[in-house]
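The values are calculated or read from the model by the stated rules, or taken from the named source; none is laboratory data. This one's a predicted model, so the numbers in the text were calculated from it and none came from an experiment. Here the Cβ is made from the backbone with ideal geometry for all residues, glycine too, and neighbour counts use every protein chain on show.
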C-alpha cells in the first residue's frame, strides 16, 4: 500500500486559508494570462477616474456659454442677442457704425433708446475696446459746455462752410449734410438719422415731415434740395 502524499501547507495554514491562497494564485495567473493576450489591466481607481472625467465633460456641455459680441462687426442677428436690443435698435447700431465707426465700446450708448441700465445689462456680453465706462450724456466739460452744446457748435461751423445749394439725399446724408438744410440743426438732423435707422429708407421726400419737429413750413423751404 502506497503512503498518501502529505500537504506541506496543512501544518502552516488552515483549510480556509489554503482556499484563499489558491484563489489568489488563480486570479494572479488569470491576470497574467490576460495581460499577455493584450487585455490591459483596469484598477478600480482608474475606472473611477474615467467616470469622473466623463461626468466633467458632460457637465461642461450643459453649461451655458455666454456669447461675446463685437459691436464693430456683429450682424443684425448677433446684436439682437444683447439684452434690451430688438431688431430696430440692432439696425440703428449698424446704421450708426456705418456712418461713424465705433472707437469705444461705450459709444453704443449714443444710440437712441440705449441708456445706462440697458448698457449695464449687455456689458458682460460686449467685447471691450477703448473705453467701457458708461457715458454720462448730461456731463459737462471743464468749460461748462455739455456734449450736446459742443455738437451744436460743431454743426453750425460745418454749415458755414457747406454749399447751401447742394442736393441732400435723405437716405444717405450725414448729420453735417442735413444741417445745411434751412431750419435743421444738429438735434433735428439727428432725429432724421434716428427715424431712418428705425424705419428704413425714406420712400418720398415728403416723408421727412414724419420726423418729429419737421412740419410743412420746413419742408417747403427745403423741398427743392431734397432727393431720395
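Listed here are the residues, each with its yes/no results for (1) under 15 Å from residue 130 (Cα atoms); (2) in a helix (DSSP H, G or I).
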{"residue": "67", "(1), (2)": "no, no"}
{"residue": "71", "(1), (2)": "yes, no"}
{"residue": "74", "(1), (2)": "no, no"}
{"residue": "83", "(1), (2)": "no, no"}
{"residue": "93", "(1), (2)": "no, yes"}
{"residue": "102", "(1), (2)": "yes, no"}
{"residue": "113", "(1), (2)": "no, no"}
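Quick check: anything in the range 96-110 touching a strand residue (DSSP E or B) at 6+ places or on another chain (Cβ under 6 Å) and either on the phi < 0 side of the Ramachandran plot or outside the structural domain of residue 193 (by TED's automatic domain parsing) (or both)? Yes, that holds for at least one residue. Taking the range 202-228 as the range and being touching a helix residue (DSSP H, G or I) at 6+ places or on another chain (Cβ under 9 Å) and not in a helix (DSSP H, G or I) as the test, the residues that pass are 202, 211, 212, 213, 214, 215, 226, 227, 228.
Given the condition in contact with a helix residue (DSSP H, G or I) (Cβ under 9 Å, 6 or more places away or on another chain) and modelled with pLDDT of 85 or more, answer yes or no: does some residue in the range 137-155 qualify? Scanning the range 137-155 turns up no residue that is in contact with a helix residue (DSSP H, G or I) (Cβ under 9 Å, 6 or more places away or on another chain) and modelled with pLDDT of 85 or more. For the condition farther than 16 Å from residue 127 by Cβ, modelled with pLDDT of 90 or more and surrounded by 10 or more Cβ atoms within 10 Å (Cβ to Cβ), residue 97 does not qualify.
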